[in-house]
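Asker: Below is the structure I would like to discuss, written out as structure tokens.
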Amino acid sequence: MARLNIGADDLVDNPTPRVPVSLCLDTSSSMSGSPIQELVRGVNLFYDAIDEDDDAHDSAEINIVEFNSSAGLVHDFASIERLQRISSLAASGTTAMGAGVNLALDTLETRKATYSGSGVLYYQPWLVLMTDGAPTDNIDTAVMRVVDMVEAKKLTVFPIGIGSGADMKTLARFSPNRPPLRLDGLKFKEFFEWLSRSVARVSRSTPGDTVKLDLEGLAGWAEL
Amino acid sequence: MSSPVVLLDPVEFLQPNRRLFIDTNVFMDTEPRRAGGLKRLFERGQTTILANNNPIVVPTKVVGELTKQSQIDPSGESEERAQAIKKAGAALTFLKSASRVGLVRKDLGDDTNPYADDLFLQLFERFAGTYEMCLLTHDITIKLRIRLLAHRLAKRLLVGVLTKDGDLEVDTDDSLFDRGHRKYARHAARVADGTGNFKDESEVAALKPLLDEFGKIFGLKTSAVKLGPRTTRSSAPSPSTARWPAATPAAPVNPFSARARLKPSDTPLAFSALPSEGERVEWASADKTGTLVLGALLGEGGEGTVYDGDRSTVVKIFDRDHLTRHRKEKIELLVGRNLRAKGLCIPTAVVRNSAGEFVGYVMPKASGREFQRTIFNKRKFEREFPTWKKTDLVDICISFLEKVQYLHSMNVILGDINPKNLMVDEKKNVFIIDADSWQLEGYPCPVGTPMFTSPAMLGKAYSDDLRAMEDELFAVATMLFMIVMTGQFPYIRTGTDGDMVQLIKEGNFAFQYENRNNKDQPEGDWKYMWSHIHKPVKDLFWHSFHREGKRYKKRPTATEWLEAFKAYKSYLRNGRMCFDPMSNDVYPIRNKAFKQDAPIQDCPTCGRKDAIAGIWNDDNEEYFVPRQCNKCRDQQPAPLSTARPPSTTRTAASRPTSQPTATCKDCHTSFPTAQLKYGRCPACTTKANTLDPNRLCTDCRQPFITYDHIAWFTAKYLDIPKSHSAIKQVCPAAGRPTPSPTAKSRSQSQPGFWTRLWKWFAGN
Ligand SMILES: [Zn+2]
């Protein structure tokens with residue numbers, strides 16, 4: 001399990017505007033076996049790539065929310081320096097996607113409040129939602145919150161379907177601006193490489209700038 | 001041939017309807033030919049001065065310049081220079097006694113005027129209709145300016161120097177024109193042979209149009225001017241001519257137009273192919289052409305690709321989206337003008353492909369790395385430059401400002417000033433890249449960075465309009481702040497929602513300033529960094545960034561900043577002025593010590609040097625010295641909840657010796673509760689009970705109201721009272737003797753400079 005040390009100093013001592021990224025991951029029983037293993041590998045690779053990028057290193061703050069029969073926080077937001085790599089995630093239970101997204105949004109709100117309270121600049125947050133199935137709980141509130149925030153330009157959301165069982169119609173509800181993407185096979189590695197490049201791109205911009213996503217890079221991992 | 005000078009009696013300018021002024025350089029003149037002239041002037045003039053109550057004016061700015069000069073360490077300076085420094089010191093002593101007896105007035109002028117030169121010009125222009133005025137100065141540039149002003153206004157405004165006997169020596173038009181040209185040639189020669197500095201370049205830029213106008217108005221011809229022996233250097237061959245593709249030193253550079261209109265919108269250029277690594281291209285500088293092979297690919301940016309040129313140059317080839325008419329024409333202008341200055345990566349040659357189409361340009365290689373990757377973040381800063389102190393950051397500001405000042409003198413606006421197009425090397429040289437985005441001759445700078453965009457420009461498309469100098473100066477001020485504060489944004493504050501545009505527009509500069517208690521100050525050590533900044537620079541920052549500041553709408557120029565940062569540099573070097581050793585730290589961990597006599601100690605817990613400074617307690621009139629430094633104090637176990645600690649936090653029971661602490665309501669630092677008074681720490685209590693020296697009672701002209709009292713009115717949105725009687729107090733008896741008329745008028749003249757000046761001119 002991931003552990004982290006909370007340090008207030010590097011939060012306020014670092015003047016670089018922060019980009020909070022919440023990884024909201026499906027860990028229901030259907031993910032067990034190679035999907036969850038590839039997912040863990042992908043996440044760790046994401047961490048490494050952020051760590052190595054001189055800009056993203058000081059900007060990105062990442063947390064992980066998992067959802068199965070309920071939602072839980074795998075680790076809270078921290079800078080890459082304080083994040084230990086995750087060793088495993090357990091896959092079991094149903095797909096409480098509504099609870100997962102709500103929790104991820106709550107953690108993002110809390111983090112923004114921390115930035116605001118201590119005087120730290122930030123970019124509007126990112127939410128990465130990954131699932132291989134369909135929700136087993138009510139997602140209406142979560143969808144409404146996400147859509148409102150995206151339309152107010154307060155959130156960038158990446159809904160990603162894993163495998164043929166992913167309910168793309170549901171994911172589409174979370175993405176008012178662009179269609180959700182389906183991962184090509186188990187190309188988690190390619191996806192997270194793309195994600196880290198995108199985070200790095202944002203961290204080289206100024207908050208408020210419109211950052212163009214690397215759409216060509218999508219081809220490396222998405223089923224188009 | 002007639003005499004080049006006219007001699008006049010300076011005493012005529014001591015008559016009631018006339019005024020006499022003296023510039024700094026006259027006091028520092030070491031020329032034996034004129035020795036004793038000043039003394040004679042005062043001997044000859046004193047009766048007239050006193051009879052008319054018309055003292056000679058030595059503006060505050062001049063006194064300030066003399067003070068600064070007198071503080072320079074003369075060892076290592078030339079003998080002449082050392083003598084001049086000594087003279088500055090002597091002049092100050094003299095001025096002190098002369099003003100005491102009413103012979104000199106030195107309380108006119110304020111610090112908002114960056115240069116004495118500008119001050120004199122403003123003064124002469126403004127009062128030309130009322131008085132005949134004379135300025136004593138050796139500066140030929142200002143002499144030319146005032147002569148032109150006198151002609152334009154058709155008024156009697158004289159400039160001259162003193163002879164040994166105290167006579168006023170005024171150049172004839174011819175002689176002044178001649179001397180102006182010699183000065184010009186001297187600076188131009190240094191610029192041309194590559195030994196020039198920014199001063200040479202700005203003199204050249206200033207003198208050229210001045211002399212043109214002077215010649216035209218007085219019907220004088222340049223050809224009549226023979227360059228004297230002093231200008232021999234201009235004919236020396238320059239060794240740098242041989243090297244490709246730097247062009248031969250050309251004639252001194254004319255600035256670009258200051259009033260060009262916006263060009264029609266940019267359009268893409270047609271091209272057949274974009275060359276890449278290993279391909280041969282053609283280049284053309286101002287006066288040469290040739291070919292070269294593109295070297296190794298050095299980097300791909302947002303607009304194109306950069307290749308190795310030769311040892312000292314690189315080649316930028318635009319990508320298809322950025323190959324446009326504006327860029328081509330702008331680069332041709334820059335290449336043709338042949339501007340050259342160290343640290344400015346200005347195009348030196350245009351580059352064409354084999355089809356002869358414009359595709360890019362050659363420029364000098366920058367050294368160092370981007371600000372963004374070096375000084376704008378603590379982690380990177382400590383990795384790149386672990387030994388640097390504050391003074392090194394001040395040097396970077398100076399290096400940056402010299403370049404900006406030069407470009408502004410050429411009527412070039414940089415436009416997109418940001419930490420990715422400024423580089424710094426380990427010798428603290430600043431390099432400015434991305435010259436192809438600069439704004440000149442009506443070609444706009446098509447790009448920008450929100451963080452450095454002025455409130456007026458925010459929300460507009462950068463390419464749609466020309467930037468005003470005010471917009472540029474916003475970016476300059478922001479950049480300077482972020483250099484000194486290693487990457488922190490001026491408008492950072494608590495309670496933001498991350499909307500940078502909003503932060504800039506609202507103008508709520510949150511760092512603690514004077515008696516203002518801004519509760520939005522960011523957490524962390526930033527407040528300590530801010531606290532140690534040299535007061536004049538701090539003043540400029542605050543007034544530029546805060547919407548209530550005096551310079552919020554009229555931002556300081558590069559020249560003004562340059563002067564402030566040079567003063568910051570000498571302040572840091574001067575152990576008497578800069579008494580707190582932590583002021584030279586890049587990351588101080590406490591506020592600047594209250595006063596010179598405050599005890600400063602190493603922290604006994606962690607051993608950090610100078611980490612503890614005594615805090616003045618007004619009640620028992622002594623310094624309270626905390627037992628440990630802020631860092632050690634903050635490391636005490638915090639409450640488990642992530643919420644902010646309650647205002648009074650008892651520490652764990654296992655530490656019975658710890659005192660309870662609470663946060664001071666003004667500075668937000670925690671103190672033992674016993675030290676707090678009405679929620680304030682000793683230092684803030686003192687501050688709160690201090691009379692604001694800038695607010696004077698309208699009746700007695702004395703300070704009358706405390707900072708605390710002001711804050712009370714401000715918090716209630718009430719107007720701040722203006723007199724003792726308005727706060728139910730009685731004016732103190734005017735017990736001070738008035739030894740001379742000057743002293744009297746001085747104490748009456750505390751309001752703004754122009755008001756005081758008006759009063760004085762009105763014979764008050
Ligand atoms: Zn300590």
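The values are calculated or read from the model by the stated rules, or taken from the named source; none is laboratory data. Here the structure is a predicted model, which is why all the values come from computation and not from measurement. Here the Cβ positions follow ideal geometry from the backbone for every residue, glycine too, while neighbour counts run over all protein chains shown.
Asker: Taking B:Lys342 as the residue in question, decide whether it is surrounded by fewer than 19 Cβ atoms within 10 Å (Cβ to Cβ) and in contact with a Ser or Thr (Cβ under 6 Å, 6 or more places away or on another chain).
Answerer: no
Asker: Let me ask something else. Select from segment B:454-483 the residues that are charged (D, E, K, R) and outside any loop (DSSP other than H, G, I, E, B) and write down the one among them that is farthest from the chain's Cα centre (by Cα).
Answerer: B:Asp464
Asker: Any idea which of B:Arg547, B:Arg573, B:Arg551, B:Arg590 is in contact with a Ser or Thr (Cβ under 9 Å, 6 or more places away or on another chain), closer than 26 Å to B:Ile492 by Cβ, away from the ligand (no atom under 16 Å from the Cβ) and not hydroxyl-bearing (Ser, Thr, Tyr)?
Answerer: Answer to the selection: B:Arg551.
Asker: Further question on the same structure: All but one of (1) more than 12 Å from every other protein chain (Cβ to nearest Cβ); (2) within 19 Å of the chain's Cα centre (by Cα); (3) of a type outside the set (A, V, I, L, M, F, W, C) hold for B:Thr486; state the number of the condition that does not hold.
Answerer: It is condition (1) that B:Thr486 fails.
Asker: Which of the residues belonging to segment A:198-224 are away from chain B (no Cβ under 14 Å) and either part of a helix (DSSP H, G or I) or not acidic (Asp, Glu) (or both)?
Answerer: Answer for segment A:198-224, where residues must be away from chain B (no Cβ under 14 Å) and either part of a helix (DSSP H, G or I) or not acidic (Asp, Glu) (or both): A:Ser198, A:Val199, A:Leu213, A:Leu215, A:Glu216, A:Gly217, A:Leu218, A:Ala219, A:Gly220, A:Trp221, A:Ala222, A:Leu224.
Asker: Taking the stated definitions as given, is B:Phe541 within 20 Å of A:Pro15 (Cβ to Cβ) and more than 14 Å from chain A (Cβ to nearest Cβ)?
Answerer: yes
Asker: Listed residues A:Ser59, A:Ser70, A:Ser79, A:Ser116; which is within 14 Å of chain B (Cβ to nearest Cβ) and without any contact (Cβ under 8 Å) to a residue 40 or more places away in the chain?
Answerer: When all the criteria are applied, what remains is A:Ser116.
Asker: What number goes with the only condition from (1) over 32 Å from the mean Cα position of the chain (by Cα); (2) more than 14 Å from chain A (Cβ to nearest Cβ); (3) within 16 Å of the ligand (Cβ to nearest atom) that B:Ile600 does not pass?
Answerer: Here B:Ile600 meets the rest and fails (1).
Asker: For segment B:171-214, which residues satisfy the criterion of being under 27 Å from B:Val5 (Cβ atoms) and outside any helix (DSSP H, G or I)?
Answerer: B:Asp171, B:Thr172
Asker: Residue check: is B:Thr661 at pLDDT below 90, within 16 Å of the ligand (Cβ to nearest atom) and of a type outside the set (D, E, K, R)?
Answerer: So B:Thr661 fits the description; yes.
Asker: What are the residues in segment B:492-508 that are part of a loop (DSSP other than H, G, I, E, B) and facing chain A (nearest Cβ under 9 Å), if any?
Answerer: The answer is B:Ile492, B:Arg493, B:Thr494, B:Gly495, B:Thr496, B:Asp497, B:Gly498, B:Asp499.
Asker: Tell me whether segment B:262-270 contains one or more residues that are acidic (Asp, Glu) and either more than 14 Å from chain A (Cβ to nearest Cβ) or part of a helix (DSSP H, G or I) (or both).
Answerer: The answer is yes; a qualifying residue exists.
Asker: Of the residues that sit in segment B:331-389 and are of a type in the set (Val, Ile, Thr) and within 14 Å of chain A (Cβ to nearest Cβ), which one is nearest to the chain's Cα centre (by Cα)?
Answerer: Taking the candidates together, the pick is B:Ile375.
Asker: Would you check if B:Ala611 is more than 22 Å from A:Val12 (Cβ to Cβ), away from every other protein chain (no Cβ under 14 Å) and either in contact with a strand residue (DSSP E or B) (Cβ under 7 Å, 6 or more places away or on another chain) or within 16 Å of the ligand (Cβ to nearest atom) (or both)?
Answerer: In short, no.
Asker: So which of A:Thr141, A:Thr94 ends up being assigned to a loop (DSSP other than H, G, I, E, B), more than 14 Å from chain B (Cβ to nearest Cβ) and surrounded by fewer than 23 Cβ atoms within 10 Å (Cβ to Cβ)?
Answerer: A:Thr94
Asker: Just to be sure before I move on: is B:Thr67 among the hydroxyl-bearing types (Ser, Thr, Tyr) and within 28 Å of B:Pro556 (Cβ to Cβ) in the structure I sent?
Answerer: The answer is yes for B:Thr67.
Asker: Still on this structure, I have one more. Look at segment B:295-311 and say how many of its residues are outside any strand (DSSP E or B) and closer than 30 Å to A:Ser205 by Cα.
Answerer: The number of residues fulfilling the criteria is 6.
Asker: Quick one: in segment B:614-638, of everything that is part of a helix (DSSP H, G or I) and not charged (D, E, K, R), which residue is nearest to the ligand (Cβ to nearest atom)?
Answerer: The extreme case among them is B:Cys632.
Asker: Output the residues belonging to segment A:123-169 that are polar (S, T, N, Q) and under 19 Å from A:Val21 (Cα atoms).
Answerer: A:Gln124, A:Thr131, A:Thr156, listed by residue number.
Asker: Okay, moving on. Which numbered condition trips up B:Val625, out of (1) more than 36 Å from the chain's Cα centre (by Cα); (2) closer than 26 Å to B:Val394 by Cα; (3) β-branched (Val, Ile, Thr)?
Answerer: The one condition B:Val625 does not meet is (2).
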